[in-house]
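Some notes on the structure that comes next.
The values are calculated or read from the model by the stated rules, or taken from the named source; none is laboratory data. Treat the numbers as computed from the prediction; the structure is a model and nothing was measured. Don't worry about glycine lacking a Cβ; one is built from the backbone with ideal geometry, like all the others, and counts go over all protein chains shown.
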Amino acid sequence: MSELTKKINLILKVWRQKGPKDVGSFKEYEAKGVSTDASFLEMLDAVNEELISKGDDPIAFDHDCREGICGSCGFMIDGEAHGPQKSTTVCQLHMRAFKEGDVLTLEPWRASAFPIIKDLMADRSAMDRIIMAGGYISANTGGARDANSILISKNDADQAFNAATCIGCGACVASCKNAAAMLFTAAKVSHLALLPQGQIERKTRAERMVAQMDAEGFGACTSTGSCSASCPKDISLVNIAQMNREFLKAKVFKEDQVDVGGGF
Amino acid sequence: MSKILDGKIPDGSIDKKWTDHKFKMKLVNPANKRKHSVIVVGTGLAGASAAASLGELGYRVKAFCVHESPRRAHSVAAQGGINAAKNYQNDGDSVYRLFYDTVKGGDFRAREANVHRLAEISVNIIDQAVASGVPLARDYGGLLDNRSFGGAQVSRTFYARGQTGQQLLLGAYSSMMRQVDLGNVQLNYRREMLDLVIVDGRARGIIVRNLLTGEIEAHEADVVILASGGYSNVFYLSTNAMACAVTAAWKAHKKGAYFANPCYTQIHPTCIPVHGENQSKLTLMSESLRNDGRVWVPKLKDDKRHPSDIPDAERDYYLERVYPSFGNLAPRDVASRQAKYRCDEGRGVGESGKAVYLDFRDAIGRLGESKISERYGNLFQMYEKITGENPYKQPMRIYPAPHYTMGGLWVDYNLESNIPGLFVAGEANFSDHGANRLGASALMQGLGDGYFVLPYTVGNYIANTKLEKVEKTHDEFKRAQETVKSEITKLMNIRGNRTVESFHKELGHIMWEYCGMGRNEAGLKRALELIPKLREEFWQNVRVPGESNYLNPELEKAGRVADFLELGELMCRDALERKESCGGHFREEYQEDGEAKRDDENFSHVAAWEWTGANSPPVRHKEELKFENVKLATRSYK
Ligand SMILES: Cc1cc2nc3c(=O)[nH]c(=O)nc-3n(C[C@H](O)[C@H](O)[C@H](O)COP(=O)(O)OP(=O)(O)OC[C@H]3O[C@@H](n4cnc5c(N)ncnc54)[C@H](O)[C@@H]3O)c2cc1C
Ligand code: FES
């Protein structure tokens, strides 16, 4: 417990929706005596315990690791994906960020490609289908050569890693006024385009993933940058530029003229 | 009647066993593979790598996970790294040394043959991961970088900053998604396995609940693989994710699969201490921090001074003092116990007195803040987010927490349980870590099982077995479906006064108190009285809100806690029967100068428990362990 621990009281306006086909609405709840050391989800746990004791249905929200790495959690707090703290998932957001008497509005991700399941939970399986459409390197188990026979400059490895840290939470989509999935898709495209192992499928990958993104009903990118600003892992907009280049190259070059240049 | 189990360890010298065994296995003709189906429960590292590899071979795979996406499996949270005997650093590593370290680290309670195989395939895992695009750390020349980890004296740990598990999982996940795309793997997400179906003595299917609709579905196959993870959440507070549960393994156990060494649990020494009553989980601070951080407590009892006001002469760097040769890098079980001793002596720090310091002052002085930030930046940031304190300025406070479970379903050398056709991989099985797992070895084992062991042994099973076609309409499926449905109805209808969470918390307290870092006969006997009482109350007084034919997280949790309430009892029973201390199992009666005292004469065996029904005690079977290569010795890190 830090020296600054306090207890605060909050009002929550929460989107309640029983199931995908039901109509939803906001309901108000009090969160009383919340320790500022608690995480946001622990605060909701306490509200839920009380709801259950009173015979009400608890608020459903997705969560699992509670360490900011699995990408399960995520909803809007006062219109901001994962709440007010930069580079932070809602499970890592602590109540220190709030003060006595705050009134907070909690809503699920809103995007037509993310149908609501219940309350604060949305169905993000569309993102898996984007990965399915080429977000991989085709390397069957068993045939790999010695890992050190592939040299990768530290810089490329670091850049690829930075793109690969995307946790697939969907905050980028939820923050985008067009509900585009550009940042998510671009992060995977550049992760693999930056590595020598990813070159062979570079062209088809960008094409297929973008096509899938469109097919899922995600919107178009108008480069406002709100995706990257809301990203808990600080995935950079540079990735979107990289993907646009990949996509263009794929369109311009013929099947057999795969460009094996080094990325940015 | 107690039996002696056969681990089916192949003959021959330790370094030839796996090669010879692979050669002797029967193969399935490529054209026939399509006729065979495999169910994989769990898509963490073990399950995703197995599903991808079996799909590539041509089997029809059906994969299941409770998560919304396979990429969210708990493997994603692993921070520190993955071991492999590559010897890229030229510092004396080898397959044999990794084998030796793992057998010794496991306190001589693992099967030698399995461990050697794991060390052999460790090198292929890194190759496979890199081939599939995992961005492991590189040095300036473009070669892979390594660090030393978890009490090893060589640098054999590969890593991707503090997110190794995430990157490896995304690698295995993307390979699996490719197979989904190709139609070889059918992915069933948000499905919880709630029963195993056995037909004519063989595992032939599972019953799952569709977590979105509540529908109870049956799925049939020729083989069932469980890769459903570990059970640390029996302690309520642990470093595991919220959905980690024993349920899949436990349902298989109740259908006859033996549960081995349930009392072998690992308490990780470096976690952020508990901060209050509403805390829902504990956060691990990677062990790699001990490479540069120094662990200490004040020499004086109840010293309430700010850490920076305590001069060096009044600090006790106890790991360095007690273990001069390993110092701060002493293995997990040892480091955890030492922290407990210091706190029991009244020298713990922080509000609760249940914490010790992990101090970077000297490393920052030596290497500069930027070097430390490059190495551990994300961990320091996470620490600050959670505690509100800046570890660059004042030492971290850490305390041990339940983290990993070495016990699990019993499997033979082929990773097949005692139920034919039921294979178990990853943390869910008991096989390779004995009584204590070394750091960076779980990722290795999960991927090793999935990429390189199961594709062979499952094929061998299929090739050697006449598998009649079974339909989902078979009586066994119907019966299992009915059992699952009636259990859910029972839970929903109790409508009692206590929340699921409150039962889980109470169970956790009992387990931590009596079956945690230190165990003794009186405490375990006490727990064996408390747990059945709590279980009884649960079935009379739990309140599960909502409806069963909608998404209902409380109902999911209730089912998992019901299983933990049974597992907890078995753990205590196992701990009581094992009258020795070894690795993570520390019986206070059996020690020498505070160190674990094994009893090789009487306990050099695996205990594998058979379920005999809710109202009769389980039966303890044994598998004798033979140490033909690594000589039995007292583990010493002094
Ligand atoms: C915080 C933390 C850090 C760690 N760091 C390291 C490290 O640095 N190095 C290392 O080697 N190890 C580390 N470990 C240990 C290691 O991460 C795990 O042991 C390993 O990842 C487990 O992998 P798995 O595939 O067996 O299980 P998991 O990754 O837990 O996957 C289990 C899967 O089973 C599914 N499942 C579970 N129950 C059911 C059910 N009833 N029905 C359907 N599906 C089900 C889940 O959805 C999931 O897909 C760490 C562990 C923790 C907790
Ligand atoms: S719960 Fe895993 S990222 Fe928040």
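Considering only residues that are over 18 Å from B:Thr164 (Cβ atoms) and small (Gly, Ala, Ser), which ones fall in the stretch A:151-166? A:Ser153 - this is the single residue of the stretch A:151-166 that is over 18 Å from B:Thr164 (Cβ atoms) and small (Gly, Ala, Ser). For A:Ala163, the criteria (1) away from ligand 2 (no atom under 15 Å from the Cβ); (2) over 20 Å from B:Arg72 (Cβ atoms); (3) in contact (Cβ under 8 Å) with a residue 40 or more places away in the chain hold in every case but one, which is (2). Based on this model, can you work out whether A:Ser138 counts as closer than 30 Å to A:Val23 by Cβ, at the interface with chain B (Cβ under 9 Å from one of its Cβ atoms) and surrounded by fewer than 21 Cβ atoms within 10 Å (Cβ to Cβ)? So A:Ser138 does not fit the description; no. Filtering the stretch B:31-85 to residues that are more than 9 Å from every other protein chain (Cβ to nearest Cβ), surrounded by 24 or more Cβ atoms within 10 Å (Cβ to Cβ), more than 6 Å from ligand 1 (Cβ to nearest atom) and polar (S, T, N, Q) leaves only B:Asn83.
Counting just the residues of the stretch A:64-101 that are facing another protein chain (nearest Cβ under 10 Å) and on the phi > 0 side of the Ramachandran plot, which one comes out surrounded by the fewest Cβ atoms within 10 Å (Cβ to Cβ)? For the stretch A:64-101, the residue satisfying everything is A:Ser87.
Being away from every other protein chain (no Cβ under 14 Å) and within 16 Å of ligand 1 (Cβ to nearest atom): is that true of B:Thr19 here?
Values: away from every other protein chain (no Cβ under 14 Å): yes; within 16 Å of ligand 1 (Cβ to nearest atom): no.
The answer is no for B:Thr19.
Only one of the numbered conditions (1) hydrophobic (A, V, I, L, M, F, W, C); (2) touching a strand residue (DSSP E or B) at 6+ places or on another chain (Cβ under 7 Å); (3) buried (at least 19 other Cβ atoms within 10 Å of the Cβ) is not met by A:Ala111, and that is (2). Against the test of being surrounded by fewer than 22 Cβ atoms within 10 Å (Cβ to Cβ) and among the β-branched types (Val, Ile, Thr), the options B:Ile494, B:Ile531 yield a single qualifying residue, B:Ile494.
Which of the strands (runs of 3 or more DSSP E) found entirely inside the stretch B:189-236 contain at least 2 residues meeting this: under 23 Å from B:Ile419 (Cα atoms) and away from ligand 1 (no atom under 13 Å from the Cβ)? Please lay out each step first, then the result.
On the way: elements: B:191-199, B:202-210, B:216-220, B:223-226.
In the stretch B:189-236, B:191-199, B:202-210, B:216-220 are the strands (runs of 3 or more DSSP E) which contain 2 or more residues that are under 23 Å from B:Ile419 (Cα atoms) and away from ligand 1 (no atom under 13 Å from the Cβ).
Candidates B:Ala63, B:Ala48, B:Ala31, B:Ala52: the one that is of a type in the set (A, V, I, L, M, F, W, C), outside any loop (DSSP other than H, G, I, E, B) and within 19 Å of the chain's Cα centre (by Cα) is B:Ala48.
Within the stretch A:110-118, one or more residues are closer than 30 Å to B:His504 by Cβ, more than 16 Å from ligand 1 (Cβ to nearest atom) and either at the interface with another protein chain (Cβ under 10 Å from one of its Cβ atoms) or at pLDDT below 95 (or both). Keeping to the stretch B:237-285, report how many residues are at the interface with chain A (Cβ under 9 Å from one of its Cβ atoms) and not in a loop (DSSP other than H, G, I, E, B). Adding up the residues that qualify gives 1. Here the stretch B:501-520 is the region considered, the condition is being in a helix (DSSP H, G or I), in contact with a Lys or Arg (Cβ under 8 Å, 6 or more places away or on another chain) and more than 11 Å from chain A (Cβ to nearest Cβ), and the residue that is nearest to B:Met242 (Cα to Cα) is B:His504.
Specify which of the listed residues (B:Ile216, B:Ile206) is more than 14 Å from every other protein chain (Cβ to nearest Cβ) and touching a Lys or Arg at 6+ places or on another chain (Cβ under 6 Å).
Numbers: B:Ile206 fails: touching a Lys or Arg at 6+ places or on another chain (Cβ under 6 Å).
None of the other options fit; the residue is B:Ile216.
Across the stretch A:157-189, the number of residues qualifying as at positive phi and within 8 Å of the chain's Cα centre (by Cα) comes to 2.
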